[in-house]
Amino acid sequence: MDVEEHTLFPRDVLLLCSDGLTRMVTDPEIAGTLQAETNTGQAAENLVALANERGGPDNITVVIVRLEKESKGWFSWLRGNSRKNLGSNGTAGGN
């Protein structure tokens, strides 16, 4: 198992995928698809379709997260300068 930690910033794109994608689609093709398609769901579908067009002999899993802007959403408490009220449940998303 590999574990890495990265700082994410507004406008970053995070791609989590299985080797079913990376064995069939090159890194430049993946990057081009992520740059061309701003809808994450459609970008994921496009990448899976491309891998399948090339034979797709393995399972193909794609998860894309696009950070659009600075948020006061559910994970803002991770930033050092803010505190989360631990007495209530958080919410997913947020703008």
Check your understanding: Would you pick out the residues in the range 10-63 that are among the hydroxyl-bearing types (Ser, Thr, Tyr) and surrounded by 13 or more Cβ atoms within 10 Å (Cβ to Cβ)?
Key -> SER18, THR22, THR33, THR40, THR61
Check your understanding: When you look at ASN46, is it more than 20 Å from HIS6 (Cβ to Cβ) and modelled with pLDDT under 90, yes or no?
Key -> no
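The values are calculated or read from the model by the stated rules, or taken from the named source; none is laboratory data. Since we're looking at a predicted model, the values are computed, not measured. Cβ atoms come from the backbone with ideal geometry, glycine included; neighbour counts cover every protein chain shown.
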